[in-house]
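Encoded as structure tokens, the structure appears first; notes follow it.
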Amino acid sequence: MTGLFVTLEGIDRSGKTTQTALLLDALGDDAVGVREPGGTPAGERVRDLLKDPAVKLSPEGEALLFAAARAQLVRDVIRPALAEGRVVVSDRYLDSSLAYQGSARGLGVEAIEAVNTFATGGLQPDLTLLLDLDPAVAASRAGEEDRFEQAGLQRKVHAAYGELVAADSRRWRRIDADRDPAEVHHDVLAAVRAAREAPAGAAG
Ligand code: TMP
């Protein structure tokens, strides 16, 4: 029995965290929720490091820390849950590294893909939901500032997600996030249910 691996992606303040919580609630005990970076004791400490603006990090160092947290999460939480046949819902996964570090920070999507293939053993989501929101709308939503939230960076990340969707439209579903959270949730849940009902390897 293998489960279903669902990831939610989007620029900062696109509503992923709210939508992850609503989805987990709707799926019930069958589902396991994780967040990136984080989700393990080591990963949560890496998260604190990454989110602290007082800690100076090179783009390469940043990319490797995200990959390190991900490696731990995949081994300790995601693979065991999938092996039990559960639905794993992750608030961000490797596409965040491809979009933020690979494209927006300019490290190159191929280099980030290589590092992450090593980190995850090549584990890919079955379904990835892009919560699509205009960066200008996202900027007008309140929230605390951190090192990833500069407007220019968010525009580049938004464009990078567009390219990732175009390159693998079978795995991705684009969801309009500029709506009431309940409406967004309706579409998120419908996409996950469709993927669960599809035969293995045919999430699209
Ligand atoms: P979040 O918990 O609000 O999504 O914050 C995580 C921040 O880290 C967000 O700005 C996106 C960024 N990030 C990356 O740059 N690369 C990654 O691989 C991940 C998982 C997150």
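Each reported figure results from applying straightforward, stated rules to the coordinates on display, with no laboratory input. Remember, it's a predicted structure, so these values are computed and weren't measured experimentally. Every residue, glycine as well, gets a Cβ built from its backbone with ideal geometry; the counts of neighbours run over all protein chains shown.
Structure values in brief
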{"item": "Backbone HN-Hα couplings from phi across segment 172-189 [Karplus 6.51/-1.76/1.60, Hz, Gly and Pro as x]", "result": "9, 10, 8, 10, 5, 8, 8, 9, 4, x, 5, 5, 4, 4, 4, 6, 4, 5"}
{"item": "Cα-projected label distance for E60 with A114, points at 7 Å along beta-carbon direction, nm", "result": "1.2 nm"}
{"item": "Whole-Hz ³J(HN,Hα) from phi, Karplus 6.51 cos²θ - 1.76 cosθ + 1.60, for segment 10-19, glycine and proline x", "result": "x, 5, 4, 6, 8, x, 4, 5, 4, 5"}
{"item": "Theoretical ellipticity at 222 nm over the chain - DSSP helices of four or more residues, -39500 (n - 2.57) apiece, nearest 500", "result": "-14500 deg cm²/dmol"}
{"item": "Sparse-neighbour loop sites [trypsin sites (Lys or Arg not before Pro); segment 21-76; at most 11 other C-beta within 10 Å; DSSP]", "result": "K56"}
{"item": "Spin-label pair K51/E183, simplified geometry with 7 Å Cα→Cβ offset, distance in nm", "result": "3.0 nm"}
{"item": "Cα pair count fraction exceeding 24 Å, expressed as % - the chain", "result": "37 percent"}
{"item": "About the Cα centre, charge dipole magnitude for the chain (Lys/Arg +1, Asp/Glu -1 at Cβ), debye", "result": "320 debye"}
{"item": "Cleavage-rule hits (trypsin sites (Lys or Arg not before Pro)) in segment 100-180: DSSP loop, at most 15 neighbouring Cβ within 10 angstrom", "result": "R141, R147, R170, R179"}
{"item": "Inverse of mean 1/r across different Cα pairs in segment 42-119, Kirkwood, Å", "result": "13.2 Å"}
{"item": "In sequence order, calculated HN-Hα J values of segment 72-86 (Karplus, 6.51, -1.76, 1.60; Hz; x Gly/Pro)", "result": "5, 5, 4, 5, 8, 10, 5, 4, x, 5, 5, 5, 7, x, 8"}
{"item": "DSSP-assigned coil residues among GluC sites (Glu not before Pro) in segment 59-152, each with at most 14 further Cβ atoms within 10 Å", "result": "E84, E144, E145"}
{"item": "Residues with amide H under 5 Å from that of G39, placed H, sequence gap 5 or more", "result": "E44"}
